[in-house]
Amino acid sequence: VQLQASGGGLVQAGGSLRLSCAASGRTFSTYTVGWFRRPPGKGREFVAAITWNGGVTDYADSVKDRFTISRDNAKNTVYLQKNSLKPEDTAVYFCAADRSQLYLRLERKYDYWGQGTLVTVSS
């Protein structure tokens, strides 16, 4: 599975962005997909994840009620809708995929990673 994250950019605080994670491979619909981010000068952290059929989603407390993860398996794409953006949401955002439907927040479980897309939120 190869992943391509896109949709990053510069946005003002309070604004919205939608990130996309497009995947190659016919079995993508069987994979859990997670979004992680790396803020400037910090380590990578969990943001959100969704299981293969969208039946289970999970969010970091810092983004809950502002971000929504969804997927369209017919298009081999997972989305991260980000609303009410804050300057602390500034980071490089990565999508990742794994076959296991467990431990959605565990970074090391994900076998496949996209290249990252930069989101900058100005105050």
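The values are calculated or read from the model by the stated rules, or taken from the named source; none is laboratory data. Just so we're clear, the structure is a prediction, and the values are computed from it rather than from any experiment. Note that each Cβ is placed from the backbone with ideal geometry, even for glycine, and that neighbours are counted across all protein chains shown. Please note that ligands, DNA and RNA were not included when accessible areas were found on the heavy atoms of the full protein model with its side chains. Shrake-Rupley method; radii C 1.70, N 1.55, O 1.52, S 1.80 Å.
Taken per residue, the accessible surface of the chain reaches 50 Å², heavy atoms only and a 1.4 Å probe.
Which of the trypsin sites (Lys or Arg not before Pro) found in the range 1-45 are in a DSSP loop and have at most 14 neighbouring Cβ atoms, other than their own, within 10 Å?
Here the sparse-neighbourhood loop sites are Arg26, Lys42.
What's the local net charge at Gly7, with K and R +1, D and E -1, over the other residues with C-beta under 10 Å away? Result for the local shell: +2. Residue by residue, the range 103-108 carries 3J(HN,Hα) couplings of 6, 4, 8, 7, 4, 6 Hz when phi is fed to the Karplus relation 6.51 cos²θ - 1.76 cosθ + 1.60 (θ = phi - 60°); x denotes Gly or Pro.
What does the net charge come to around Val78 if you take all other residues with beta carbon closer than 13 Å to its beta carbon, with K and R at +1 and D and E at -1? Taking every Cβ under 13 Å from that of Val78, the sum is +1. Where the accessible area of the chain is counted over protein heavy atoms with a 1.4 Å probe, how much of it, in %, is carbon and sulfur? The nonpolar share, carbon plus sulfur, comes to 48 percent.
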